[in-house]
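What follows is a set of notes on a single structure, which appears directly below.
The values are calculated or read from the model by the stated rules, or taken from the named source; none is laboratory data. No experiment lies behind these values; they were computed from the predicted model shown. Here the Cβ positions follow ideal geometry from the backbone for every residue, glycine too, while neighbour counts run over all protein chains shown. Ligands, DNA and RNA are stripped out before the accessible areas are found, and what is left, the full protein with its side chains, is counted by its heavy atoms. Shrake-Rupley method; radii C 1.70, N 1.55, O 1.52, S 1.80 Å.
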Amino acid sequence: MENDSRIAHREVFEKSERRFSDLAEVSSDWFWETDKDLRFTYMSERVFEAMGVKPEFFYGKTRQELTVIDENREGWSRHFRDLEDRKPFMGFTYRRLGPKDDVQWIRASGVPFFDSIGEFQGYRGAGSNITEVVSARETARVYEQRFRDVVESSFDRFWETDETHRFSFFSDTSDMNDRFPQNNLIGQTRWGAAGLSEDYDENWRRHVEDLNAHRPFR
């Protein structure tokens, strides 16, 4: 009976191990584990695809030792406090140099684990490479700032409408705001703001047709 119990226990363990390996293989993130000194002892194979570095590169090193360019001192200080207090952490984001001296943005989450008598043994968690997301946000921010700089330096009024042709944005040009306050125009169509109903003249009819056909107009 004792033999049967050991076999059953081993089968349960092997099934759990296979389940974890399968999830690690198909996940877009990679999984990691550290010892009680916070040095990596495990990295799933997915890390090579995500970061271009083999799992063995991380073994025996701490996350801080692997990060050579990050200047987020406040964020690191909070992270260290969480680790010292053995707290879980979510979405810790930091920068590091990739294998081609490229800047990589990494997001990591982890939970502490303990042995049967409650002694701290290390952390387990997941990581993801969010470089493309951060880059896209930065590009959007640059273009947004560039757009606003152009708008603020122009004597013309810039505007934007939603899909129903109702105004959703106006640049701030004070000389026109005195005559046509922005708050009175937001949410209105151009012809509604002009006081027109269904009875357009020929010029307005062509304009509305251009809008409905998504054609540019001048």
**OP:** Give the residues of region 201-218 that are closer than 14 Å to HIS165 by Cα and part of a loop (DSSP other than H, G, I, E, B), sorted by residue number.
**Re:** ALA213, HIS214, ARG215, PRO216, PHE217
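Kindly indicate the residue of region 96-135 that is polar (S, T, N, Q) and out of contact with any Asp or Glu (no Cβ under 6 Å at 6 or more places or on another chain) and also least open to solvent (accessible area, probe 1.4 Å) among those meeting that condition.
Looking only at region 96-135, we keep the residues that are polar (S, T, N, Q), and these are 104, 109, 116, 121, 128-129, 131, 135.
After this cut, where a residue has to be out of contact with any Asp or Glu (no Cβ under 6 Å at 6 or more places or on another chain) as well, the list is 104, 109, 116, 129, 131, 135.
Numbers: GLN104: 10, SER109: 30, SER116: 122, ASN129: 54, THR131: 35, SER135: 63 Å².
Once the filter is applied, the top-ranked residue is GLN104.
Condition first: surrounded by 12 or more Cβ atoms within 10 Å (Cβ to Cβ) and either more than 19 Å from the chain's Cα centre (by Cα) or without any contact (Cβ under 8 Å) to a residue 24 or more places away in the chain (or both). Now tell me which residues in region 59-77 satisfy that.
The initial filter retains those residues of region 59-77 that are surrounded by 12 or more Cβ atoms within 10 Å (Cβ to Cβ), namely 59-67, 70, 72, 75-76.
Hits for region 59-77 are TYR59, GLY60, LYS61, THR62, ARG63, GLN64, GLU65, LEU66, THR67, ASN72, GLY75, TRP76.
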